[in-house]
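The values are calculated or read from the model by the stated rules, or taken from the named source; none is laboratory data. Worth saying up front: this structure is predicted, and the values here are computed from it rather than measured. Glycine also receives a Cβ, built like all others from the backbone with ideal geometry; neighbour counts cover every protein chain displayed. The area values use the complete protein model at the heavy-atom level, side chains included, leaving out ligands, DNA and RNA. Shrake-Rupley method; radii C 1.70, N 1.55, O 1.52, S 1.80 Å.
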Amino acid sequence: MRDMANTSSDRRNQDRTRLLLKLRPLIQTAFLLLWAAPLGWISAQMGRWGRSMPSCVFHCYYAGGNYCPAASLSCPIGIMAQLVALGAAPLLAIGAVVLAGALVGSLVCGWACPFGFLQDLLAKIPLPKLRPPAWTSAGRYVVLGALVLALPYWIGLTGKPYDEQEITICRWCPAGALEAGVPLTIQGALEGRPELMVSPKKAAILVAFLLGSVFIHRPWCRLFCPLGGLLALFNRFSVFHLWFKKTACTSCNTCRGRCDMDVPVDQSLNSPRCIRCMECTTCGAILPAAFLRKGGTSEAASAGSEKPPGA
Amino acid sequence: MAKIRNIQQPEIDPESRPSEARKPWRGILLAVVGLALLLMGAHASHTVYFGGSNQKVSQSKLVRTVTANLVQRPLTGQPTTQSVTTNLQKDSGQADCPT
């Protein structure tokens with residue numbers, strides 16, 4: 001009787017997660033429209049509050065060689081690097097990252113990042129995909145440590161302001177080129193100011209990563225994105241998390257087969273390499289959860305009281 | 001839906017999967033710490049250095065102030081705040097802020 005109840009609840013869970021996964025492209029598109037606010041439309045519609053939110057840097061702190069200091073919403077990595085270069089503590093940016101990470105971990109990467117979404121779309125082109133080894137994901141922390149923290153701080157000590165520093169994440173970031181430089185260029189052209197708001201170097205890096213996305217799934221996120229790396233550190237502690245339900249597992253291997261980021265799903269479900277696209281939940285044995293799971297039991301406790309189907 | 005990749009992988013043994021039992025208070029505690037940092041940062045970002053003294057300003061006033069180039073860099077040794085951390089000098093040919 002209990003097995004039957006388990007089976008029907010497993011099926012319900014499976015249906016629910018499959019429906020959620022079908023909605024994922026729509027949710028990513030919705031976030032893309034939200035981040036596309038640099039085109040100015042949203043802020044123009046929001047009256048006084050909107051005008052207080054400079055649309056030019058709604059997402060990227062650095063576009064066209066200029067910084068907007070009054071940005072309410074901008075890339076926390078850019079803010080961190082900028083403030084570190086001045087020897088100031090980037091409390092706002094760190095607070096935003098810690099809060100988002102503690103609540104949802106890297107769910108932001110899989111469901112809200114527009115650059116990740118574009119890489120997802122390009123990865124659908126049916127060409128053979130390369131699979132970089134797991135250790136390459138440490139590149140994200142090298143970028144974070146070197147380009148966001150160490151170099152800006154070190155060069156900043158010499159008195160050189162961040163916007164004059166040559167080697168910074170903001171000058172190289174392809175996500176910033178896509179989400180701020182390109183929209184600003186389009187906006188300028190529409191307003192009769194044809195001016196390229198992306199440096200040739202940054203544009204070339206963007207093109208390289210877009211081409212790379214055809215052959216490696218999410219190369220930027222996987223290898224270099226410092227923000228994704230930071231958020232992923234919280235995967236093991238975040239309120240939202242994934243958990244494995246032993247009784248629902250039929251050893252079908254679907255979870256590992258569907259993971260585009262090559263996370264060892266069977267060994268480390270909430271790995272820092274996971275972007276929480278939740279494709280692995282398709283099989284129904286891996287479930288998304290927040291706070292306590294339904295039934296209030298921990299995985300360890302439930303494993304002792306339930307038997308896997310067919311056992 | 002993406003197709004399942006045909007990769008040779010060892011059989012999954014559900015019993016051997018590591019338990020990832022959680023302590024939800026850790027996430028909540030981290031979220032509280034993040035919120036506190038966020039509020040402290042927001043407070044700092046709205047404190048602007050006007051020739052000699054730090055003043056607290058609203059977001060809309062901050063935008064007007066910055067776009068009018070009234071914010072000054074703090075003197076060496078003074079605490080920097082987020083709103084004075086920028087390149088405030090406009091080039092002559094540079095376009096205005098879209099807002």
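To keep it simple, each residue is scored yes or no on (1) within 25 Å of the chain's Cα centre (by Cα); (2) open to solvent by less than 30 Å² (accessible area, probe 1.4 Å).
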{"residue": "A:V143", "(1), (2)": "yes, yes"}
{"residue": "A:I155", "(1), (2)": "no, no"}
{"residue": "A:G181", "(1), (2)": "yes, yes"}
{"residue": "A:L211", "(1), (2)": "yes, no"}
{"residue": "A:V214", "(1), (2)": "yes, yes"}
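Under 7 Å by Cβ, and 6 or more places apart or on different chains, what pairs join a residue from the range A:237-252 that is within 11 Å of A:A289 (Cα to Cα) and in a loop (DSSP other than H, G, I, E, B) with one that is open to solvent by 20 Å² or more (accessible area, probe 1.4 Å) and among the aliphatic types (A, V, I, L, M)?
Correct list of pairs: A:S238/A:L103; A:S238/A:V104; A:V239/A:L103; A:V239/A:A290; A:V239/B:I28.
Given the condition open to solvent by 10 Å² or more (accessible area, probe 1.4 Å) and either on the phi > 0 side of the Ramachandran plot or in the same structural domain as A:Q82 (by TED's automatic domain parsing) (or both), answer yes or no: does some residue in the range A:252-262 qualify?
yes
For the range A:162-179, what are the residues that are within 14 Å of chain B (Cβ to nearest Cβ) and touching a Ser or Thr at 6+ places or on another chain (Cβ under 9 Å)? Walk me through it before giving the result.
Residues of the range A:162-179 within 14 Å of chain B (Cβ to nearest Cβ): A:162-165, A:168, A:170-171.
Hits for the range A:162-179 are A:Y162, A:D163, A:R171.
Identify the residue in the range A:75-91 that is within 7 Å of chain B (Cβ to nearest Cβ) and part of a helix (DSSP H, G or I) and, among all such residues, is surrounded by the fewest Cβ atoms within 10 Å (Cβ to Cβ).
Here the answer is A:L91.
Conditions tested, residue by residue: (1) assigned by TED's automatic domain parsing to the domain that holds A:R140; (2) over 27 Å from A:I125 (Cβ atoms); (3) modelled with pLDDT of 90 or more; (4) open to solvent by 20 Å² or more (accessible area, probe 1.4 Å).
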residue: A:R193; (1), (2), (3), (4): yes, yes, no, yes
residue: A:M197; (1), (2), (3), (4): yes, yes, no, yes
residue: A:K202; (1), (2), (3), (4): yes, no, no, no
residue: A:L206; (1), (2), (3), (4): yes, no, yes, no
residue: A:F224; (1), (2), (3), (4): yes, no, yes, yes
residue: A:G228; (1), (2), (3), (4): yes, no, yes, no
residue: A:K246; (1), (2), (3), (4): no, yes, no, yes
residue: A:P264; (1), (2), (3), (4): no, no, no, yes
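Just to verify a result, which residue in the range B:38-60, among those that are under 14 Å from the mean Cα position of the chain (by Cα) and open to solvent by less than 40 Å² (accessible area, probe 1.4 Å), is modelled with the highest pLDDT? Give the steps one after another, and end with the answer.
Taking the range B:38-60 as the starting set, the residues that turn out to be under 14 Å from the mean Cα position of the chain (by Cα) are B:38-46.
If we keep only those that are open to solvent by less than 40 Å² (accessible area, probe 1.4 Å) as well, we get B:41-42, B:44-46.
Details: B:G41: 82, B:A42: 78, B:A44: 77, B:S45: 70, B:H46: 69.
Among those that are under 14 Å from the mean Cα position of the chain (by Cα) and open to solvent by less than 40 Å² (accessible area, probe 1.4 Å), it is B:G41.
Quick test of your reading of the structure: A:G105 fulfils all but one of (1) open to solvent by less than 20 Å² (accessible area, probe 1.4 Å); (2) at pLDDT 95 or above. Name the failing condition by number.
Tallying (1) open to solvent by less than 20 Å² (accessible area, probe 1.4 Å); (2) at pLDDT 95 or above, A:G105 fails exactly one: (2).
Report, ordered by the first and then the second residue, all pairs with beta carbons closer than 7 Å, sequence separation of six or more or different chains, a first member in the range A:16-28 that is within 18 Å of A:I286 (Cβ to Cβ) and among the polar types (S, T, N, Q), and a second member that is open to solvent by less than 70 Å² (accessible area, probe 1.4 Å) and part of a helix (DSSP H, G or I).
Here the result reads A:T17/A:T281; A:T17/A:T282, each pair linking the range A:16-28 to a residue that is open to solvent by less than 70 Å² (accessible area, probe 1.4 Å) and part of a helix (DSSP H, G or I).
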